[in-house]
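FYI, it's all coordinate maths here, none of it is from the lab. Bear in mind the structure is a predicted one, so any value in this text is a computation, not a measurement. Cβ coordinates were reconstructed from backbone atoms using ideal geometry, including for glycine residues, and neighbour counts include every protein chain displayed.
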Amino acid sequence: MEETTPTTPKKKHFRAMHQINTVSFRSRMSLITFIDENFKGADPSQDDPTMISVDIDKFTIMKMLVDQGSSVDILYWKTFKQMGIAEEEMKSYDDHVVGFSGERVSTRGYIELYTTFDKGEVSKTIKIRYLLIDANTSYNILLGRPSINRLG
């Protein structure tokens, strides 16, 4: 007599579950290796912030942080004072800015300055409204989305 496999619904379900969970192993893949010649150009682990230099009036301002996460353009008070711009030129601005960690930061006002990016034929000059903020920072200016978007 020929033996048959039981076909009760419970056993069919069990067999189906067992087949779904069956794992097949692939043969080991070959290793991918890199040599020094493969590391030309930018460092792949580079995650430093983007900083540029710009020309404002008769000054070349270095250490401008390009921050796509910022909704405002900021000229820090220390830089403003070093530029020798008269305080009478700034306009009143009575609102706060929310800082990196969620704290509210007071502003001293704002000033609109023509800012030139790059040099020569490819340069572009735009008028930027900078909020003036007195904060201890290693940057002179923070360029936010409003101006980044206008630069194209």
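On average, how much area does the Cα convex hull of segment 51-151 cover when viewed from any direction, in nm²?
Working: hull surface 25.1 nm².
In nm², the orientation-averaged hull projection of segment 51-151 is 6.3.
Can you compute the modelled spin-label distance between Met62 and Ala135, with each label point 7 Å from Cα toward Cβ, in nm?
For the pair Met62/Ala135, the computed spacing is 2.3 nm.
How far, in nm, would the chain grow between Lys12 and Arg104 when pulled straight, counting 0.36 nm per residue and subtracting the alpha carbon separation? Intermediate values should be presented prior to the final figure.
Working: separation 92, 0.36 × 92 = 33.12 nm, distance 6.48 nm.
Separation in residues times 0.36 nm, less the Cα-Cα distance, equals 26.6 nm.
List Leu142, Leu75 from most exposed to least, where exposure is judged by having the fewest other Cβ atoms within 10 Å.
Placing the least packed residue first, the sequence is Leu142, Leu75.
For the pairs Lys78/Lys124; Lys63/Lys119; Lys58/Lys124, flag any whose C-alpha to C-alpha distance is greater than 23 Å.
Values: Lys78/Lys124 26 Å; Lys63/Lys119 17 Å; Lys58/Lys124 16 Å.
Exceeds cut-off: Lys78/Lys124.
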